[in-house]
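A.B. asks: Handing you a structure now.
The values are calculated or read from the model by the stated rules, or taken from the named source; none is laboratory data. As the structure is a prediction and not an experimental result, all values here were calculated from the model. Every residue, glycine among them, receives a Cβ derived from its backbone with ideal geometry; neighbour counts consider all protein chains shown. When the accessible area is computed, the model is the full protein with side chains, heavy atoms only, and any ligands, DNA or RNA have been set aside. Shrake-Rupley method; radii C 1.70, N 1.55, O 1.52, S 1.80 Å.
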Amino acid sequence: MLDLMTDKTHNEERQGEAYAPFANDLNQYKKRFYIESYGCQMNFSDSEIVASILNKEGYGATRNLEEADLIFINTCSVREKAEQTVRKRLTEFRKLKVANKGMLVGVLGCMAERLKTKFLEEEKLVDIVVGPDAYRALPQLVSEAESGQKAINVLLSREETYADIAPIRLDSNGVTAFVSIMRGCNNMCTFCVVPFTRGRERSRDAVSIVAECRDVFERGFKEVTLLGQNVDSYYYTPENGDATAPPVNFAQLLEMVANISPELRVRFSTSHPKDITDEVLYTMAKYENICKYIHLPVQSGSTRILQLMNRTYTKEWYMAKVDRIKEIMPDCGISSDIIAGFCTEEEQDHIDTLNVMRYSKYDLSYTFAYSVRPGTLAERRFEDDVPNDVKKRRLAEIVDLQNKLSLESNQKDIGKTFKVLIESDSKRSETDWMGRSSQNKVVVFPKNNSNLKKGDYVNVLVHDCSKATLIGSICN
Ligand code: SAH
Ligand code: SF4
Ligand code: F3S
C-alpha cells in the first residue's frame, strides 16, 4: 500500500501553520503527547484523528519523546515482524517511564485490538490500551490512567467512522493529504488479521468526505488519497433514506472529489481486484485530476493458492482485469502486493506468481514472506508448511523480478513528458525538486532557479532513470 508498510520519518518539512499541531508555545497546553505510527496509511491517518481528539482536550503534540507526558504508539499486527518492532519500542519507552514517574504509555491500533488486556498484565509496560474504534474514549481513558487505574477500551463498532472529526495533519508535507473514507474489512482473506483488528466494513458519509477534501484543498494541499482497506466496496447510504440523498458508490464518490477542483489530484488505496468496476475505470479516465494509478494486490499468481487465500478470483480473472485497465487507460500505472510461501505453495505456484508479475508489468510491488497470524482462518485451517529458506528464496526471486520490471517500466518513460506535482526537495540535493507523476512515479529534476514551489505543477521531460526514480528537466 503506497509507502505504507514502514515507519514514516519525522523530519519532513512542514507547511501551513493552521495544520501544525506541534505547538511552539507548549505552555498553553496542560499536557504534551508524543505519537508514533506503524503499519498502513490507515494507521497514520488514525493518528491524525487521535491528535485532533487530544488537542481538543487541551493536549499539545510534541516531537520530543523526553518532554512528553503521554506517549502513544499506534501499532500494526499484519506480520509478526511488525509486532516485534513495536515490542522493542515499548521496552525503550519503559526505560523512560522508569526515569519519569508521571509519564504514561498508551498502545493504540491493531496490536491493542489483538492483544487486548495482555499488555496491561506486563509490569510497567503500558498504562492505556485503545482499539481503532475507541479513540473518542481516549481523554476519559487518560484520566483513568492518571488516577492509577489500568485503562482499556477495545470495543469494535459497526458505525464509527470519525466522520465529524477534523484530523490534525501530523508530519505533513503540506501538499498531499490522506482522507479515510471507510473502516474495517469484510473480506476474510485467510492470511489476514485486519478483519479481526479493524472489525466490520463501514463507509463514511460522502458529504463529510467531500467537505474534508475541500477543506484540505482550501488550505493549500494539492492531492488527496482516499483510504480504505477495500475502497471499491465503498457504499454509503444516507440514514434518512431521503430520495434527494441517494446512496453513493465508489465511482460516484471519486467523481464528487474530482469535481472539487481540477487543481486537486485524487488518488485512492487499496483496490481489491474482485471489486474494481468498469464504472470506476471510466470515471478515472474521464477526469484528468484522478491519478492514473491503481494499487491492485494480486497476493499470488496461482489459482489454487488464491482459492486457499479466499481472494475469490482466479489468475485468469486477474489478468483480464489488468487488460481491462490498460484498455480503458493505456497509460495507467499498476502496482501490487505479493506474498511468498503461503501454506502448501509449490514451485509451480511460485512460477505462476512470477508469470502474472511479468504479464501485469507492475511498476512496483510490496513483497512479503508469509507470516502466520494468530486467529486467522489460515492459522486454523492450514499448516505453515513452506520452510523458511524456501520462502526467503522465492521472495528474493520475486524481488529480483520486480526490480527488473520497475527498471523496464521506467526506461519506457525516457523521452516522455509528465505533469509532476512538486512535493519537496529531493532527498539527495537541495538544488533538485522531487515530485510525482500521475502514475505515482517519483520524478527528480533540477530547480534551475525557477520560481516554482512545493505544491506547483510542472511539466518534466524524462531523460534518465533508475529502478526507483525518473530523472528529468523542466520543459516549457
Ligand atoms: N487491504 C489491503 C491490504 C492490507 S495488508 C488489500 O486487500 O490489499 C497489506 C498487505 O500485507 C497485503 O496486501 C498482503 O500482501 C500483506 N499481508 C497481509 N497479511 C499477511 C501475512 N499474514 N503474511 C504476509 N503478508 C501479509
Ligand atoms: Fe486483509 Fe483481504 Fe481485507 Fe485486504 S481485503 S484487509 S488483505 S482481509
Ligand atoms: Fe497493520 Fe492494522 Fe493496517 S494490522 S496494515 S495497521 S489495518
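A.B. asks: Would you please name the residue that is nearest to ligand 1 (Cβ to nearest atom), looking only at residues in the stretch 346-381 that are among the aliphatic types (A, V, I, L, M) and either at positive phi or open to solvent by 40 Å² or more (accessible area, probe 1.4 Å) (or both)?
C.D. replies: Among those that are among the aliphatic types (A, V, I, L, M) and either at positive phi or open to solvent by 40 Å² or more (accessible area, probe 1.4 Å) (or both), it is V372.
A.B. asks: Search the stretch 184-217 for residues being aromatic (F, W, Y) and within 16 Å of ligand 3 (Cβ to nearest atom), and hand back the single one that is nearest to G228 (Cα to Cα).
C.D. replies: Filtering the stretch 184-217 for residues that are aromatic (F, W, Y) and within 16 Å of ligand 3 (Cβ to nearest atom), the one nearest to G228 (Cα to Cα) comes out as F196.
A.B. asks: Looking at the stretch 431-475 only, could you name the residues that are within 19 Å of E263 (Cα to Cα), open to solvent by 60 Å² or more (accessible area, probe 1.4 Å) and modelled with pLDDT of 95 or more?
C.D. replies: The answer is K453, N459.
A.B. asks: Please state which of the following conditions S271 fails to meet, knowing it meets all the rest: (1) open to solvent by 20 Å² or more (accessible area, probe 1.4 Å); (2) within 11 Å of ligand 1 (Cβ to nearest atom); (3) of a type outside the set (A, V, I, L, M, F, W, C).
C.D. replies: (1)
A.B. asks: Further, regarding this structure: Which residues, counting only those in the stretch 171-230, are among the aromatic types (F, W, Y) and open to solvent by less than 10 Å² (accessible area, probe 1.4 Å)?
C.D. replies: If the condition is that a residue be among the aromatic types (F, W, Y) and open to solvent by less than 10 Å² (accessible area, probe 1.4 Å), then F221 is the only one that fits.
For (1) in contact with a strand residue (DSSP E or B) (Cβ under 9 Å, 6 or more places away or on another chain); (2) under 22 Å from C291 (Cα atoms), each residue gets a yes or a no:
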site: E379; (1), (2): no, no
site: V399; (1), (2): yes, no
site: F418; (1), (2): yes, yes
site: D456; (1), (2): yes, yes
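A.B. asks: Look at the stretch 107-139 and say how many of its residues are assigned to a loop (DSSP other than H, G, I, E, B), crowded, with 24+ Cβ neighbours inside 10 Å and not aliphatic (A, V, I, L, M).
C.D. replies: 4
A.B. asks: Okay, moving on. Across the stretch 318-341, which residue is farthest from ligand 2 (Cβ to nearest atom) among those that are out of contact with any strand residue (DSSP E or B) (no Cβ under 8 Å at 6 or more places or on another chain) and open to solvent by less than 10 Å² (accessible area, probe 1.4 Å)?
C.D. replies: The selected residue is M329.
To keep it simple, each residue is scored yes or no on (1) within 16 Å of ligand 3 (Cβ to nearest atom); (2) among the aliphatic types (A, V, I, L, M); (3) modelled with pLDDT under 95; (4) assigned to a helix (DSSP H, G or I).
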{"site": "F368", "(1), (2), (3), (4)": "yes, no, no, no"}
{"site": "E379", "(1), (2), (3), (4)": "yes, no, no, yes"}
{"site": "D384", "(1), (2), (3), (4)": "no, no, no, no"}
{"site": "K392", "(1), (2), (3), (4)": "no, no, no, yes"}
{"site": "I398", "(1), (2), (3), (4)": "no, yes, no, yes"}
{"site": "K404", "(1), (2), (3), (4)": "no, no, no, yes"}
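A.B. asks: Can you say whether Y359 is under 30 Å from Q439 (Cβ atoms) and either among the β-branched types (V, I, T) or touching a Gly at 6+ places or on another chain (Cβ under 9 Å) (or both), as far as the supplied structure shows?
C.D. replies: Considered against the rule, which asks whether it is under 30 Å from Q439 (Cβ atoms) and either among the β-branched types (V, I, T) or touching a Gly at 6+ places or on another chain (Cβ under 9 Å) (or both), Y359 comes out as yes.
A.B. asks: Here is a further query. Which of the residues spanning the stretch 276-296 are under 30 Å from Y370 (Cβ atoms) and either crowded, with 19+ Cβ neighbours inside 10 Å or assigned by TED's automatic domain parsing to the domain that holds S438 (or both)?
C.D. replies: I276, V280, Y293, I294, H295, L296
A.B. asks: Quick check on F221: is it over 26 Å from D278 (Cβ atoms), modelled with pLDDT of 95 or more, near ligand 2 (Cβ under 10 Å from one of its atoms) and part of a loop (DSSP other than H, G, I, E, B)?
C.D. replies: no
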